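The structure under discussion appears below in the form of structure tokens.
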Amino acid sequence: MTGSRKKTGLVFFPAFDWAISATHPEREERLLYTQDQVFEEGLLDLDNIVEFKPGLATIEDINRIHICVPDANRVITQSHLISAGGAITAAEKVMEKEVDNAFALVRPPGHHAMRIVHGARGFCNINIEAIMIEYIRRRYGHRKIAIVDTDCHHGDGTQDIFWHDPDTLFISVHQDGRTLYPGSGFSDEFGGPNALGATINIPLPPHTSDEGFLFVLDNLILPILDEFKPDLVINSAGQDNHYSDPITNMSFSAQGYATLNDRLSPDIAVLEGGYSIESALPYVNVGIILAMAGIDYSHVTEPDYNPEATRQTAQTSRYIEQQVAAISDLWKTRATRRDALVKGKEYLRRSRSIFYDTDMISEQQEETVRICNECGGLITIRSEASTGNRIFAVIVPGRGCPVCRHKGEEIFEETGTGSYHHVYFQDRDRDLFLVK
Amino acid sequence: MIVGIDVGGTHTDAVLLESLHVKKTAKAVTNQENLIESLIAVTEEVIRGENPGEIERIALSTTISTNAIVQGKTDRVGLILAGGPGLPPEMLAIGEDTHCISGYVNHRGIRVAGTDPREVARIAELFEGKKIGHVGIVGKFSTRNPALETEIGDVLDGRFRHLSFGHRMSGNLNFPRRIATTYLNAAIWKTYKAFVASVMDFVDHMGIGAPLHILKADGGTSSISQSLEYPVGSILSGPAASVMGILSLTDGTEDAVALDIGGTTTDIAIFADGVPLLEPLGVTIGGHKTLIRGLLTRSIGVGGDSSVRYKEGRITIGPERAGPAAAFGGPSPTPTDALILLGRTDIGDKGKALKAIREIAAQAHRSPEQVAQEICDLACRTIVSAVREMLQEINNKPVYTVHEILEGKKIVPAVAYIVGGPAGPMAPYLEKMMNIPASVPGYAEVANAIGAALARTTTEVTLLADTEKGEATIPEEGIQTAISRNFTHQEAIDLCMSTLRARALRMGAYEDTLDMEIVEDQVFNMVRGMGYTTGRNMRIKAQVKPGLVAAIKEEGGQ
Ligand SMILES: [Zn+2]
Ligand SMILES: [Zn+2]
């Protein structure tokens with residue numbers, strides 16, 4: 001334990017009547033045993049833990065961050081509005097200083113949902129943290145925000161959404177993409193040209209245990225956060241790094257998760273994945289809640305926990321040390337790297353194929369960003385999906401400079417629907433979302 | 001004929017009902033040192049001259065257990081906890097005689113580690129050495145599998161005066177509350193048993209053979225002999241008697257708010273479709289959060305006798321009471337004095353009321369009438385804002401399904417029932433502020449005794465059926481039984497309801513007023529490995545709703 005007691009808000013929404021399909025990992029039963037454990041431990045009776053009912057996110061909240069094709073109502077269910085709403089409620093309670101920190105223990109998750117949404121990928125339709133972050137900025141003014149994604153899967157959706165945003169530091173620590181969905185999140189994915197270094201990927205080898213995660217936290221994540229100086233730290237608290245998780249290969253424990261949370265001390269934590277619903281989630285969640293509330297979590301262990309059996313090999317430790325050194329070096333040299341990347345360029349373009357595994361949709365996307373020293377840069381996106389939908393989007397970033405905004409407006413004005421089903425215009429500062 | 005008795009903090013009341021009409025009432029000042037004496041006095045008074053053979057039932061509400069707890073006059077309790085991982089043990093202990101032992105079951109009721117009988121025996125010896133006679137045995141998730149508690153009990157059996165088992169207290173999950181409830185049950189067991197023995201002696205002595213019922217915190221009754229194993233259920237029956245009294249005098253079927261405006265406090269309760277709301281998990285008493293099923297009530301420090309002061313340019317009311325109203329010779333002005341001055345009631349000495357209010361008026365540089373009006377408004381405003389806060393809390397209670405979030409019922413009171421001394425004079429003000437009609441039922445002065453007399457027997461049971469494990473448990477009844485893999489949802493409901501019926505009848509319920517309902521019903525498919533459905537996890541809770549065997553047939557309200 002590092003800290004003293006804190007007042008912690010808990011937004012608990014297990015969505016007991018919602019599933020992707022009857023036997024899908026994202027099903028009704030997922031948080032059942034977590035609920036049992038949290039209730040039985042009596043955590044909600046503790047003076048410094050308060051439960052809040054989730055609010056409902058609105059379509060405007062979604063349109064502030066996503067371009068849903070053809071529109072938001074077509075890609076979500078009510079459950080998504082509640083889980084995004086739950087994250088927003090958690091944020092509100094922290095921002096209004098009703099609590100010191102808050103945990104949105106909600107489902108369905110969101111960190112694989114990218115800016116353009118043609119359907120569900122990696123069990124996610126909309127990105128609940130991203131929606132929450134833009135809600136915070138809209139309601140409480142601009143904030144520098146760091147997201148530390150500790151889900152076992154690369155948070156590729158969150159990365160995509162904040163790729164060009166220099167004021168949102170996205171750090172993802174996850175199982176190496178060569179061995180796990182979604183196959184991305186390598187350390188050279190380091191942020192867009194106007195935000196180089198604001199995306200940090202830390203892929204870890206399979207069977208990394210508590211030792212490795214905490215090494216990365218202490219020697220890489222915390223020092224970077226110290227330098228970035230965010231106003232808010234958000235933890236995408238996926239729990240599938242657990243040694244018992246059925247769809248991943250890591251060796252993290254409840255004690256490890258609680259210790260990580262304790263040292264990271266996030267303002268807001270939001271549940272992401274985690275599918276060991278009986279053996280891991282009940283204990284990991286109790287550990288995280290206690291750590292956030294500043295209560296002794298040293299007695300929270302899984303029934304079958306055996307640190308010797310899950311300990312990472314010396315080889316893994318060495319590999320992680322090398323990774324940390326290399327990524328530290330990248331971070332320290334980000335300014336010179338950016339200069340080299342943008343030198344003499346006015347626009348940079350990337351073309352990608354994106355696969356929506358949950359809905360079996362494939363998308364071809366071409367994204368262009370204006371090189372800008374004043375703001376995150378104007379973005380335009382051309383996207384075509386196997387559903388037949390073809391769209392064009394113009395995105396003026398938050399705190400956008402007059403030049404980027406003006407150019408964005410011009411492009412939107414000039415672009416006819418012609419070959420597109422829809423043309424979208426998103427302007428965060430003016431909270432504007434237009435479709436033609 | 002039915003006899004209802006309410007042994008309250010200040011007064012003890014009795015009422016004799018014949019064909020649902022109030023035939024006689026009696027009132028005495030409660031003798032705090034000897035509650036049974038007060039009880040006997042009022043009961044003798046109402047049954048004097050009646051034929052004891054015609055009494056069908058006696059029901060009483062008593063503060064005996066509450067007093068013992070609040071005044072700390074309880075027995076020393078040894079606690080044995082089998083908790084496993086979770087909160088640190090020091091956050092769970094109640095007193096120095098708490099021992100955490102090895103062994104626990106997990107959230108599914110699967111035994112992860114067994115207990116060590118030698119460890120338990122050593123603790124038993126320790127308790128014996130300390131002359132501890134009452135022991136509480138509590139396991140985490142023991143409602144899912146009581147086996148460990150039973151095993152510990154087997155080692156202790158015969159060596160102590162009484163053993164209280166955690167799984168018998170409630171089917172709800174919450175280990176710290178289960179510990180507190182079991183602790184309190186053990187701590188008051190002896191006091192309660194002695195009280196029950198004297199009541200039964202008295203009843204026998206009077207030649208009354210009718211069943212004897214005790215009112216519980218949930219506004220329902222239990223036969224007194226059945227209550228001996230679970231005496232803690234009878235705590236806080238005072239507020240419950242008041243709520244049931246209001247219900248018996250009004251018999252409403254809509255959403256309503258009930259206010260009992262006393263001398264020092266105002267107690268608030270809420271009815272949903274005419275049924276009083278229960279605390280979600282259990283009542284809080286003497287600083288202990290418990291699993292004791294109880295009516296949801298809030299108490300605020302504003303009553304007819306609350307002291308009124310003028311401080312820093314503002315009028316304040318309560319929360320303390322310095323004595324009776326000034327009109328009755330009390331030391332400071334009170335809301336009652338304000339009501340007297342405003343001509344809302346003609347009790348007491350108006351001159352004394354005026355004198356007391358005038359002191360505040362002088363400080364506030366306003367007329368006594370203006371000040372009286374302000375006091376009255378402030379008292380009502382305080383009550384109304386507490387009601388609003390309570391409603392908001394109820395209506396914002398977290399729920400866990402999409403359906404409930406979108407369609408959940410909101411409680412919107414259509415009427416306010418008001419009892420207590422200042423009820424009549426304050427009703428018009430409260431009515432206006434709440435913007436709903438207020439009703440002041442008749443016989444309010446003995447409402448608690450009537451409530452006890454007419455409350456029906458209530459109880460609940462909680463079923464967990466896990467077809468993967470092949471087991472169903474109903475902890476309140478100590479049921480742990482094998483079920484087949486094909487055990488259906490309907491079979492689970494049937495088992496739950498038949499168990500509830502049997503339990504309620506054993507506790508003294510009448511077959512024709514058993515109003516049973518399912519309050520929770522969840523079925524989860526259990527999927528393991530690569531998407532195989534391995535079983536179903538069903539959670540069903542059923543209750544006999546708090547309510548009346550019949551409502552009083554008197555028109556007396558305004
Ligand atoms: Zn994941
Ligand atoms: Zn710009």
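The values are calculated or read from the model by the stated rules, or taken from the named source; none is laboratory data. Predicted model, so just to flag it, every value in this text is computed and none were measured. Reconstructed Cβ throughout: ideal geometry from the backbone, glycine too, with neighbour counts over all protein chains shown. Surface areas here come from the heavy atoms of the whole protein model, side chains and all, with no ligands, DNA or RNA. Shrake-Rupley method; radii C 1.70, N 1.55, O 1.52, S 1.80 Å.
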Could you give me the ³J(HN,Hα) list for the stretch B:90-106, computed from phi with Karplus coefficients 6.51, -1.76, 1.60 and θ = phi - 60°, whole Hz, x at Gly and Pro? 5, 7, 9, 5, 10, x, 7, 9, 9, 10, 9, 10, 6, x, 6, 10, 9
How far is helix B:423-434 tilted off the main Cα axis of chain B, in degrees rounded to 10, range 0 to 90? 70
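Taking a threshold of 19 Å on the Cα-Cα distance, which of the pairs B:Lys190/B:Lys541; B:Lys410/B:Lys541; A:Lys6/A:Lys97 fall above it?
Violating the 19 Å limit, Cα to Cα: B:Lys190/B:Lys541; B:Lys410/B:Lys541.
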Normalised per residue, the volume of the convex hull around the Cα set of the stretch B:267-415 (Å³): 160
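Give me the inter-chain shielding for B:85-94: mean count of other chain Cβ atoms within 10 Å, whole number please.
The shielding value for this peptide is 6.
Please state the relative contact order of chain B as a whole percent: Cα pairs under 8 Å, 6+ residues apart? Write down the numbers at each step before the final one.
On the way: 1269 pairs, mean separation 81.0, N = 558.
Across chain B, relative contact order equals 15 percent.
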Rounded to the nearest 500, what is the protein assembly as shown's calculated 222 nm mean residue ellipticity when only DSSP H runs of at least 4 contribute -39500 (n - 2.57) each, over all residues? -10000 deg cm²/dmol
Quick one, could you list the DSSP H helices from chain A stretching 20 Å or more along their long axis (Cα atoms) with average Kyte-Doolittle hydropathy of 0.0 or above? A:78-95
Roughly what angle does helix B:489-506 make with the longest principal axis of chain B, taking Cα atoms, 0 to 90 degrees, to the nearest 10? 60
Shape call, chain B: gyration tensor on alpha carbons, a/c limit 1.5: prolate
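Take the cross-link list B:Lys355/B:Lys432; B:Lys23/B:Lys352; B:Lys27/B:Lys289; B:Lys140/B:Lys469; B:Lys311/B:Lys350 and give me the ones stretching past 26 Å between alpha-carbons. Spell out each step's value before the answer.
On the way: B:Lys355/B:Lys432 29 Å; B:Lys23/B:Lys352 37 Å; B:Lys27/B:Lys289 33 Å; B:Lys140/B:Lys469 19 Å; B:Lys311/B:Lys350 24 Å.
From B:Lys355/B:Lys432; B:Lys23/B:Lys352; B:Lys27/B:Lys289; B:Lys140/B:Lys469; B:Lys311/B:Lys350, over 26 Å: B:Lys355/B:Lys432; B:Lys23/B:Lys352; B:Lys27/B:Lys289.
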Angle between chain B longest axis and helix B:117-129 axis [Cα atoms, degrees, rounded to 10]: 40
How much accessible area per residue does the protein assembly as shown have, in Å², with a 1.4 Å probe? 37
Sequence neighbours fewer than 8 away in the same chain don't count; with that in mind, list the lysines whose C-alpha is under 18 Å from B:Lys193. B:Lys73, B:Lys216
Compute the separation of the alpha-carbon centres of the stretch A:332-352 and the stretch B:512-546 and state it in Å as a whole number. 58
Which value in Å does the Kirkwood hydrodynamic radius of the stretch A:247-398 take, with 1/r averaged over all unlike C-alpha pairs and then inverted? 20.3
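Hey, with R₀ at 41 Å, roughly what FRET efficiency would A:Ser351 and A:Leu222 work out to, going by the Cβ-Cβ distance, to 0.05? Spell out each step's value before the answer.
Values: r = 36 Å, r/R0 = 0.87.
That pair, A:Ser351 with A:Leu222, gives E of 0.70.
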5 angstrom amide H check on A:Ile67, placed H, neighbours 5+ away: A:Ile116, A:Val117
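When the Kirkwood radius is taken over all Cα pairs of the stretch B:77-186, what Stokes-Einstein diffusion coefficient follows at 37 °C and 0.692 mPa s, in µm²/s? Display every interim value, and only then the final one.
Details: Rh = 13.4 Å.
My calculation gives 244 µm²/s for D.
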Please compute the average number of Cβ atoms from other chains found within 10 Å of each residue's Cβ in peptide B:391-400. 3
Hey, can you grab everything whose amide H is under 5 Å from the amide H of A:Phe103? Only 5+ residues off in sequence or another chain; H modelled, so Pro and N-termini drop out. A:Gly9, A:Leu10, A:Val11, A:Ala269
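Can I get the semi-axes of the stretch A:8-334's equivalent ellipsoid? Compute them from the C-alpha gyration tensor as square roots of 5 times the eigenvalues, in angstrom, largest first.
Result for the stretch A:8-334: semi-axes of 26, 24, 19 Å.
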Starting from the stretch A:343-436, pick out the GluC sites (Glu not before Pro) whose DSSP state is loop and whose Cβ has at most 12 other Cβ atoms within 10 Å. A:Glu346, A:Glu374
The set of residues whose placed amide H lies less than 5 Å from the amide H of B:Gly535, leaving out same-chain residues fewer than 5 positions away, is B:Met526
Quick check: the distance between the Cα centres of the stretch B:346-379 and the stretch B:130-160, to the nearest angstrom? 60
Estimated vicinal HN-Hα couplings, Hz - the stretch A:151-161 in sequence order (Karplus 6.51, -1.76, 1.60; Gly, Pro = x): 5, 5, 8, 4, x, 5, x, 4, 4, 4, 5
Contact order normalised by length for chain A, with contacts defined as Cα pairs under 8 Å and 6 or more residues apart; what percent is it? 15
Checking buried surface per residue: for the stretch B:508-537, which residues lose a minimum of 20 Å² accessible area in the protein assembly relative to the chain alone (1.4 Å probe)? B:Gln522, B:Phe524, B:Asn525, B:Val527, B:Arg528, B:Gly531
State, in angstrom, two size descriptors of the protein assembly as shown derived from its alpha carbons: Rg to one decimal place and Dmax to the nearest whole number. 32.7, 110
Largest-first ellipsoid semi-axes for the stretch A:346-435, taking √(5λ) over the Cα gyration tensor eigenvalues, angstrom: 24, 15, 12
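What are the GluC sites (Glu not before Pro) within the stretch A:74-147 that DSSP puts in a loop, where the Cβ has at most 12 other Cβ atoms within 10 Å? Mind dumping the intermediate values first?
Working: sites: A:Glu92, A:Glu96, A:Glu98, A:Glu129, A:Glu134; in loops: A:Glu96, A:Glu98.
Those satisfying the criteria are A:Glu96.
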In order through the stretch A:236-253: 3J(HN,Hα) via Karplus (6.51 cos²θ - 1.76 cosθ + 1.60), integer Hz, x for Gly, Pro: 7, 8, x, 10, 8, 7, 5, 4, 9, 5, x, 10, 9, 10, 9, 10, 7, 10
Relative packing of A:172-178, A:391-397, B:34-40, which averages over residues the other C-beta atoms within 10 Å, highest first: A:391-397, A:172-178, B:34-40
When the Cα centres of the stretch A:95-142 and the stretch A:1-79 are compared, how far apart do they sit, in Å? 11
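Eigenvalues of the Cα gyration tensor times 5, then square-rooted: what semi-axes does that give for the stretch A:110-173, in whole angstrom, largest first? Write out the running numbers ahead of the final one.
On the way: eigenvalues 73, 38, 18 Å².
Each semi-axis is √(5λ); the values are 19, 14, 10 Å.
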